[in-house]
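Q: Quick one: the structure is below, and I'll ask about it shortly.
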Amino acid sequence: SQQGEEDPQALSIQEGENATMNCSYKTSINNLQWYRQNSGRGLVHLILIRSNEREKHSGRLRVTLDTSKKSSSLLITASRAADTASYFCATDQKRLSGGGADGLTFGKGTHLIIQP
Amino acid sequence: DTEVTQTPKHLVMGMTNKKSLKCEQHMGHRAMYWYKQKAKKPPELMFVYSYEKLSINESVPSRFSPECPNSSLLNLHLHALQPEDSALYLCASSQALFGFGKNIQYFGAGTRLSVL
């Protein structure tokens, strides 16, 4: 089942502008992560925010988390052509008790295109 | 070394063939994962191995058979696949036990499988 739902599904902006993507999820979470995928290749972890955090920064990335609304946003500032990719939020679904390895459940993703 | 290596990169097989996908990591991770990704969709979890034991099977058809021969290797054996099984198959690894913040997964570039 799809845990996260990204919004928008596609976003095209000019280089240098900021890009904001949103994600909603349905169940309680330990943490929420954002991943990037370039053109059908492997995913790269960008940033993780814990359920007790509200905001986190990493370089040009800013993530917010609102557990009361079960939503998160990813902001990329001063976008570059190299940021063109698909962006997914991901949560672990607590399939197992005891904190063991758990697969991630991904949102539908936002395809971001940065126009030069 | 944060690399997860998947081979082959591309695979074309008939519905009566038997083939295997391979995944290798040398990060000392004791959790490994298989995901399936259809075009323009998010990855979907198939299997989780923790300490070389299968811990999660997301109701995957038996024509997909995972194997974890040692802590660095993960295989996915394929037999009697259907055309709808054509997809990008992604392998990932992570630390096996985690509290907050450790379920960061490292992905390989994937095997693009076409079933004719």
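The values are calculated or read from the model by the stated rules, or taken from the named source; none is laboratory data. These figures come from a predicted structure and were not determined experimentally. For neighbour counting, all protein chains shown are included, and Cβ atoms are generated from backbone atoms with ideal geometry for every residue, glycine included.
Q: From the list A:Gln9, A:Gln37, exactly one residue is in contact with a Pro (Cβ under 9 Å, 6 or more places away or on another chain), within 14 Å of chain B (Cβ to nearest Cβ) and touching a residue at least 12 places away in the same chain (Cβ under 8 Å). Which is it?
A: Numbers: A:Gln9 fails: in contact with a Pro (Cβ under 9 Å, 6 or more places away or on another chain).
After ruling out the rest, the residue left standing is A:Gln37.
Q: Then there is this: Checking the condition at pLDDT 95 or above, out of contact with any Phe, Trp or Tyr (no Cβ under 6 Å at 6 or more places or on another chain), aliphatic (A, V, I, L, M) and surrounded by 14 or more Cβ atoms within 10 Å (Cβ to Cβ), which residue from B:Leu90, B:Leu21, B:Leu74 passes?
A: On the way: B:Leu90 fails: out of contact with any Phe, Trp or Tyr (no Cβ under 6 Å at 6 or more places or on another chain); B:Leu21 fails: out of contact with any Phe, Trp or Tyr (no Cβ under 6 Å at 6 or more places or on another chain).
One residue alone meets the criteria, B:Leu74.
Q: Now a separate question. Read through the list (1) more than 12 Å from the chain's Cα centre (by Cα); (2) of a type in the set (A, V, I, L, M); (3) over 15 Å from B:Thr111 (Cβ atoms); (4) part of a strand (DSSP E or B), then give the number of the only condition that B:Leu11 fails.
A: In the conditions (1) more than 12 Å from the chain's Cα centre (by Cα); (2) of a type in the set (A, V, I, L, M); (3) over 15 Å from B:Thr111 (Cβ atoms); (4) part of a strand (DSSP E or B), B:Leu11 misses (3) alone.
Q: Separate question: Determine whether A:Arg36 is at pLDDT 95 or above and surrounded by 14 or more Cβ atoms within 10 Å (Cβ to Cβ).
A: Details: at pLDDT 95 or above: yes; surrounded by 14 or more Cβ atoms within 10 Å (Cβ to Cβ): yes.
Criteria met by A:Arg36.
Q: Answer yes or no as to whether B:Ala87 is within 13 Å of chain A (Cβ to nearest Cβ), in contact (Cβ under 8 Å) with a residue 40 or more places away in the chain, under 26 Å from A:Ser39 (Cβ atoms) and of a type in the set (A, V, I, L, M, F, W, C).
A: Working: within 13 Å of chain A (Cβ to nearest Cβ): yes; in contact (Cβ under 8 Å) with a residue 40 or more places away in the chain: yes; under 26 Å from A:Ser39 (Cβ atoms): yes; of a type in the set (A, V, I, L, M, F, W, C): yes.
Criteria met by B:Ala87.
The rows are residues; the columns are (1) touching a strand residue (DSSP E or B) at 6+ places or on another chain (Cβ under 7 Å); (2) closer than 15 Å to A:Thr105 by Cβ; (3) touching a residue at least 12 places away in the same chain (Cβ under 8 Å).
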position: A:Gly16; (1), (2), (3): no, no, yes
position: A:Ser24; (1), (2), (3): yes, yes, yes
position: A:Ile29; (1), (2), (3): yes, yes, yes
position: A:Leu43; (1), (2), (3): yes, yes, yes
position: A:Leu46; (1), (2), (3): yes, no, yes
position: A:Arg50; (1), (2), (3): yes, no, yes
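Q: Then there is this: Which of the residues that make up segment B:50-71 are small (Gly, Ala, Ser), surrounded by 14 or more Cβ atoms within 10 Å (Cβ to Cβ) and within 12 Å of chain A (Cβ to nearest Cβ)? Before you say what the answer is, go through the steps one by one.
A: Of segment B:50-71, the ones small (Gly, Ala, Ser) are B:50, B:55, B:59, B:62, B:65, B:71.
Applying the additional criterion that residues be surrounded by 14 or more Cβ atoms within 10 Å (Cβ to Cβ) yields B:50, B:55, B:65, B:71.
The answer is B:Ser50, B:Ser55.
Q: Which pairs turn up if I take residues in segment B:103-116 that are at the interface with chain A (Cβ under 7 Å from one of its Cβ atoms) and over 27 Å from A:Asn30 (Cβ atoms) and look for partners that are assigned to a strand (DSSP E or B) and at pLDDT 95 or above with beta carbon separation below 8 Å, at least 6 apart in sequence or on another chain?
A: Taking only residues 6 or more apart or on different chains, the pairs are B:Ala109/B:Gln6.
Q: A follow-up question, please. Would you say B:Ser20 is in contact with a Leu (Cβ under 9 Å, 6 or more places away or on another chain), within 22 Å of A:Lys108 (Cα to Cα) and away from chain A (no Cβ under 11 Å)?
A: Working: in contact with a Leu (Cβ under 9 Å, 6 or more places away or on another chain): yes; within 22 Å of A:Lys108 (Cα to Cα): no; away from chain A (no Cβ under 11 Å): yes.
No, not satisfied.
Q: Out of A:Ser72, A:Ser51, A:Ser24, report the one residue that is of a type in the set (Ser, Thr, Tyr) and at pLDDT 95 or above. Break it down stepwise before answering.
A: Values: A:Ser51 fails: at pLDDT 95 or above; A:Ser24 fails: at pLDDT 95 or above.
Step by step, each of A:Ser72, A:Ser51, A:Ser24 is checked, and only A:Ser72 is of a type in the set (Ser, Thr, Tyr) and at pLDDT 95 or above.
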